[in-house]
Amino acid sequence: MSFDLVVRGGTLPDGRVADIGIRGTKIAALGDLAGAEAGETVEAAGDLVSPPFVDPHFHMDATLSYGLPRLNASGTLLEGIALWGELKAVMTHEEVRDRALVYCDWAASMGLLAIRSHVDTCDDRLLGVEALLDVREKVKDYIDLQLVAFPQDGVFRDPTAWGNTLRALDRGVDVVGGIPHFERTMAEGARSVTALCELAAGRGLMVDMHCDETDDPMSRHVETLAHEVNRLGLHGRAAGSHLTSMHSMDNYYVSKLLPLMAEAGLAAIPNPLINIVLQGRHDSFPKRRGLTRVKEMRAQGITVGWGQDCVRDPWYSLGTADMLDVAFMGLHVAQMTHPDEMRACFDMVTTENAKILNLEGYGLEPGCTASLVVLDAGDPVEALRLRPDRLAVIARGKVISRQARNDPRLTIDGRPGRIRRRHAAGGNLG
């Protein structure tokens, strides 16, 4: 028995210890492969081997633009949107492409191999769309990049946004987006949800809307989104991103809303790093957390995945492309500290997000795409606690990143221990 690549002795997220045999771009075998020949070997030695990280919500056209053309002085969502409008007017195709490619290198080094990025369609040049279509082609061998046609200024509020969104979809953008709470009125917001869902249904596309990203408890466009998903048969193909108004909604109303979302198979994508920074800015004390009702949605059977949203852009000054940072913050803000909940948070940046993106061939079973990451940790909870080095990242059967192992088996007072060393994103890409 021979393989192109064998990952030996890794601990899978479910606790099994197994070798993984890879031929070409697929996982060919899983189990005890002692004695099998391999063209290349990665020694996992008990470390955690996971399917790759997945980010279901990002803005790659804006990433790494922090400080251009100025800083977001107030730190608010609205100033960030205004600042993005200033940057959008002066940026170039090459600048957007190059920033995005640098970010994709960061992502690959962190084992983040699938990203859904919204791209602004409120630009008659469609500069960001063209740049990210270029990026999608350049990174296709190691990152699955889904693009969302996102009318940032409102598909009806901006006079050319509807036409530009259609043009973006015609050019190969994958998903229909929207921002109903940013339309001029609640009625216009609801109308935008209906129109965009009908557009997605007519084209056989997925839907992912920025929905109710506000502290206003009366912003209830997610209800319309769930209704339209039911009406149009978009089950399993639609997501509501942010949903921050839900943290301020009346509990009785939410008790009706969550079953509707579950019935529609509507996924939810909270973005904890950004939500807790941008929301509650008008509060004195007590200040609201700005995170949607994650535990309550999961209890209803709703698929919930953590998203990153921003890295060093007009809305957020930090970030490293590390989805474990996102999950670590999420578990704190959502108070998901039981061991089972923490394991669920790991799933929310891997398998749950893969469901939201409808990724084919995702996982660690024979027949799945041979994309995976070896982490310097023993299990998912330890990975969340430490956000450790990625010892190896494999994309479609090829090792694309390696990180030297720090002392992996330290003894502390006679007990086995582990040392972990954090590295900036952008490691040794091979």
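What is the distance in Å between the Cα centroid of the range 117-162 and that of the range 327-398?
Computed from Cα coordinates, the inter-centre distance equals 27 Å.
Which lysines, on any chain, are close to Lys88 with Cα under 24 Å apart, when same-chain ones fewer than 8 places away are left out?
The reachable lysines, counting only those whose Cα sits under 24 Å from Lys88, are Lys138.
Using 0.36 nm per residue, how much length does the chain from Leu101 to Ala404 gain when fully extended, once their Cα-Cα distance is taken away?
106.7 nm
Sorting check: for 272-285, 114-127, which peptide has the highest mean count of neighbouring beta carbons within 10 Å, and how do the rest follow?
So the peptides 272-285, 114-127, ranked by packing, come out 114-127, 272-285.
Once you order the gyration tensor axes a ≥ b ≥ c over the Cα atoms, which shape class does the range 345-398 get: rounded for a/c under 1.5, otherwise prolate or oblate by comparing a/b with b/c? All intermediate terms of the calculation are to be shown ahead of the outcome.
On the way: a/c = 2.45, a/b = 1.32, b/c = 1.86.
Cα axes put the range 345-398 in the oblate bin.
Charges on Cβ only, +1 for Lys and Arg, -1 for Asp and Glu, centred on the Cα centroid of the range 212-282; of Tyr253, Leu225, Ala267, which one is farthest towards the dipole's positive end?
Of the listed residues, the answer is Ala267.
Please compute the net charge surrounding Ile81, taking Lys and Arg as +1 and Asp and Glu as -1 over other residues with Cβ under 11 Å from its Cβ.
-4
Hey, what number do you get for the chain at 222 nm if only DSSP H runs of n ≥ 4 count, each worth -39500 (n - 2.57), divided across all residues, to the nearest 500? Please list the in-between numbers first.
Numbers: 13 runs with 144 residues, N = 430.
That comes out to -10000 deg cm²/dmol.
So, with +1 on the Cβ of K and R and -1 on the Cβ of D and E, and no other charges, what is the size of the charge dipole of the chain about its Cα centre, to the nearest 20 debye?
It works out to roughly 500 debye.
Only bridges with both residues in the range 53-357 count here: give the DSSP antiparallel percent, nearest 5.
5
Only residues of the range 221-243 count here: report those whose backbone N is under 12 Å from the spot 7 Å along Cα→Cβ of Ile81, or say none.
Taking a point 7 Å out along Cα→Cβ of Ile81, no residue of the range 221-243 has its backbone N under 12 Å.
Of the peptides 361-373, 64-76, 259-271, how do they stack up when ordered by the mean number of other Cβ atoms within 10 Å, highest first?
My ranking of the peptides, most packed first, is 259-271, 361-373, 64-76.
What nm value, rounded to one decimal, do you get for the distance between Arg70 and Lys256 when each label is placed 7 Å out toward the C-beta?
Those two pseudo-labels are separated by 4.5 nm.
By the gyration tensor of its Cα atoms, with a ≥ b ≥ c the square roots of the eigenvalues, what is the shape of the range 268-327: rounded for a/c under 1.5, prolate for a/b over b/c, or oblate?
Since a/c reaches 1.5 but b/c is at least a/b, the shape of the range 268-327 is classed as oblate.
Length gain on complete extension for the stretch Asp14 to Arg231, per 0.36 nm per residue less the alpha carbon to alpha carbon distance?
74.4 nm
Fewest first, what order do Tyr253, Tyr142, Tyr103 take by the number of other Cβ atoms within 10 Å? Spell out each step's value before the answer.
Working: Tyr253 14, Tyr142 21, Tyr103 25.
Ordered from fewest to most neighbouring Cβ atoms within 10 Å, Tyr253, Tyr142, Tyr103 come out as Tyr253, Tyr142, Tyr103.
In square nanometres and to one decimal, what's the mean projected area of the convex hull around the Cα atoms of the chain?
In nm², the orientation-averaged hull projection of the chain is 21.1.
Bear in mind these aren't lab numbers, they're just calculated from the coordinates by the rules spelled out. Quick caveat: nothing in here was measured; it's all calculated off a predicted structure. FYI the Cβ positions are ideal-geometry reconstructions off the backbone, even for glycines, and counts take in every protein chain you see.
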